[in-house]
Structures are given as structure tokens and as C-alpha cells.
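> I'd like to ask you about the structure that follows.
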Amino acid sequence: MTLSSLTNPVTLPQNIQEIAVTIAAKNLDPTLLSEQFLKLSGIVPNEWEAARQPVFSPGGSQIVFKNGLGIVAQPRTVTFMETMGNKPQEEILVAKIAIQFIDKLPNAEYQGLTISPKYLIPFPQNADGARQYITRTLLAPGPWQDFGQAPVQAGVNFLYQFEGCQLSLGINQATLQLPDQGNVSALLFAGNFNYPIENPDPQARLKMLHQYLNGWQSDLDTFRGIVYDRFLVQRQPETVFG
């Protein structure tokens with residue numbers, strides 16, 4: 001069974017996509033993340049404007065800019081996230097900003113990197129499409145599905161091993177709010193490419209981080225290939241998702 005057999009073709013021009021980069025460091029202080037620090041250090045350009053009032057606290061800090069890039073710092077991690085939408089890959093800034101961050105803080109004890117793409121696949125013409133795809137396509141039928149007072153809700157997790165990293169992929173039901181269409185059933189494909197940074201030499205750790213961050217487009221292509229070519233297999237070319 002393919003996705004197209006469960007619902008009419010998705011008519012939206014673009015699936016909603018997001019990519020995030022999370023850097024783990026043993027001695028990272030979230031109170032460092034301020035708009036002033038980010039601009040004075042050259043991590044982000046001076047002309048960038050915050051979309052709303054930034055949040056700063058010892059437990060976590062967050063700043064979101066009007067261009068769609070956000071930064072969240074927590075004890076031991078900092079995450080850079082960006083909504084991709086219709087942007088070409090060369091205009092995605094999340095990895096560039098992450099590289100500038102580690103270059104300005106070279107003495108942090110970096111421990112790992114996670115590159116996390118997300119795709120939301122809407123079912124605007126089938127309110128139960130996401131659940132049906134998981135329970136009819138990814139899971140074998142059985143009496144466990146016909147239990148309780150409502151249709152079973154399900155999510156699926158996969159682990160893939162690649163050279164130098166492990167990809168965890170979760171597929172879950174989601175609800176998407178679309179203009180003029182209200183709430184729409186959707187599938188959320190959420191991936192995490194996990195890269196451990198275990199070298200004791202600080203310069204070697206920075207070099208590894210640079211290498212992995214500069215390869216983010218390759219990870220995104222791998223993720224896109226898994227989602228579209230191995231899960232959302234379309235038999236009719238005109239129904240291929242954007």
C-alpha cells in the first residue's frame with residue numbers, strides 16, 4: 001500500500017520543513033545567549049531583528065529572529081533551528097550560524113552534534129490519512145488495532161546506522177493548521193543524525209564539528225531520500241510531493 005492509495009494527492013505546493021542543529025558541550029552556560037552577545041561577537045549580523053522579546057534565564061534562553069532562525073540554549077546544549085519552507089538550500093543559514101558560534105567559543109568542551117530535519121506531510125482531503133498510513137502501511141494488521149472506544153493512535157521509530165553517525169527516525173501523527181482549511185491531518189517525519197565528539201583534543205573536536213556541520217546538506221539529502229523514496233513511494237509521477 002502506498003500513500004496515494006490512502007488519500008487524494010496532496011495539493012499543497014510545499015511540505016512544511018524544518019532543520020535544527022544541536023551542539024552538546026559540558027560547560028555551556030545558557031545565560032550567555034543574548035542578542036547583544038550574538039551580535040557583538042559576530043555570530044549573527046547586526047541588522048538581524050528579534051521577532052519577539054527574547055527569554056533569558058539560568059535554566060534556558062531563547063531568541064527568535066524575524067528571518068525565521070531561532071536559537072535555544074539550555075544547560076549543556078545549544079540548538080539552532082530554521083524553517084526551510086521554499087528557501088533554496090544555499091540560503092539556509094542554520095549550519096553557518098552554528099559554525100560561527102563554535103568558532104567564537106573554541107574552548108567549550110564539545111561532546112556531540114545532532115542534525116535534525118523534520119518534514120510535515122499534510123493530508124488535506126483525508127482527516128484520518130496520517131493514522132491510516134501508520135496503522136495500515138507501516139504496521140501489520142492485528143486484533144491489537146481493534147481495541148478500546150476509538151481508533152488506535154500509533155507512532156513508529158526506526159534506527160539506521162551510517163558511517164560515523166546513527167540516524168533515528170520517528171513517524172507520528174500530527175495536526176496542522178492551514179489557512180482556509182482549518183485543522184488538517186499530517187504525518188510528522190522527525191530525524192536525528194547523531195554524531196559523537198569523543199576526541200580529547202579541543203582542536204580536533206572543533207575540526208570534527210566543522211566537518212559534520214559542513215555536511216548538513218548531505219544529511220538532509222539522505223533524510224529526504226528515506227522519506228520520499230522508501231516511505232512515501234509514489235507510483236504516479238504527477239502525485240509526487242514537492
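The values are calculated or read from the model by the stated rules, or taken from the named source; none is laboratory data. All of these numbers come straight from a predicted model, not from anything done at the bench. Backbone-built Cβ (ideal geometry, glycine too); neighbour counts: all protein chains shown.
> Give the residue that is surrounded by the fewest Cβ atoms within 10 Å (Cβ to Cβ), with candidates limited to residues of region 59-110 that are polar (S, T, N, Q) and in contact with a Pro (Cβ under 7 Å, 6 or more places away or on another chain).
Per the stated criteria, the residue is N107.
Results for (1) within 15 Å of V227 (Cα to Cα); (2) part of a loop (DSSP other than H, G, I, E, B); (3) more than 18 Å from the chain's Cα centre (by Cα); (4) of a type in the set (A, V, I, L, M), shown as yes or no for each residue.
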{"residue": "P151", "(1), (2), (3), (4)": "no, yes, yes, no"}
{"residue": "F158", "(1), (2), (3), (4)": "yes, no, no, no"}
{"residue": "Q166", "(1), (2), (3), (4)": "no, no, no, no"}
{"residue": "L176", "(1), (2), (3), (4)": "no, no, no, yes"}
{"residue": "D180", "(1), (2), (3), (4)": "no, yes, yes, no"}
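> Given the condition in a loop (DSSP other than H, G, I, E, B), in contact (Cβ under 8 Å) with a residue 40 or more places away in the chain, within 30 Å of D180 (Cα to Cα) and not acidic (D, E), answer yes or no: does some residue in region 90-100 qualify?
For region 90-100, residues in a loop (DSSP other than H, G, I, E, B), in contact (Cβ under 8 Å) with a residue 40 or more places away in the chain, within 30 Å of D180 (Cα to Cα) and not acidic (D, E): present.
> Scan region 26-53 for residues that are aliphatic (A, V, I, L, M), in contact with a helix residue (DSSP H, G or I) (Cβ under 7 Å, 6 or more places away or on another chain) and loosely packed, with under 14 Cβ neighbours inside 10 Å and jot them down.
Answer for region 26-53, where residues must be aliphatic (A, V, I, L, M), in contact with a helix residue (DSSP H, G or I) (Cβ under 7 Å, 6 or more places away or on another chain) and loosely packed, with under 14 Cβ neighbours inside 10 Å: just A50.
> Further question on the same structure: Looking only at region 64-72, decide whether some residue is in a loop (DSSP other than H, G, I, E, B) and touching a helix residue (DSSP H, G or I) at 6+ places or on another chain (Cβ under 7 Å).
Just the residues of region 64-72 that are in a loop (DSSP other than H, G, I, E, B), to begin with: 66-68.
Pick out the ones that are also touching a helix residue (DSSP H, G or I) at 6+ places or on another chain (Cβ under 7 Å) and you get none.
No, the conditions are met nowhere in region 64-72.
> Okay, moving on. Report every pair of residues separated by at least 6 positions or lying on different chains whose Cβ atoms are under 6 Å apart, first residue within region 208-222 and among the charged types (D, E, K, R), second at pLDDT 95 or above and surrounded by 20 or more Cβ atoms within 10 Å (Cβ to Cβ).
Filtered contacts from region 208-222: D219/I115; D219/F193.
> Also: Please tell me if I121 is among the β-branched types (V, I, T), assigned to a helix (DSSP H, G or I) and either in contact with a strand residue (DSSP E or B) (Cβ under 6 Å, 6 or more places away or on another chain) or closer than 30 Å to A24 by Cβ (or both). Working first, answer last.
Details: among the β-branched types (V, I, T): yes; assigned to a helix (DSSP H, G or I): no; either in contact with a strand residue (DSSP E or B) (Cβ under 6 Å, 6 or more places away or on another chain) or closer than 30 Å to A24 by Cβ (or both): yes.
Taking the combined requirement at face value, the residue does not satisfy it.
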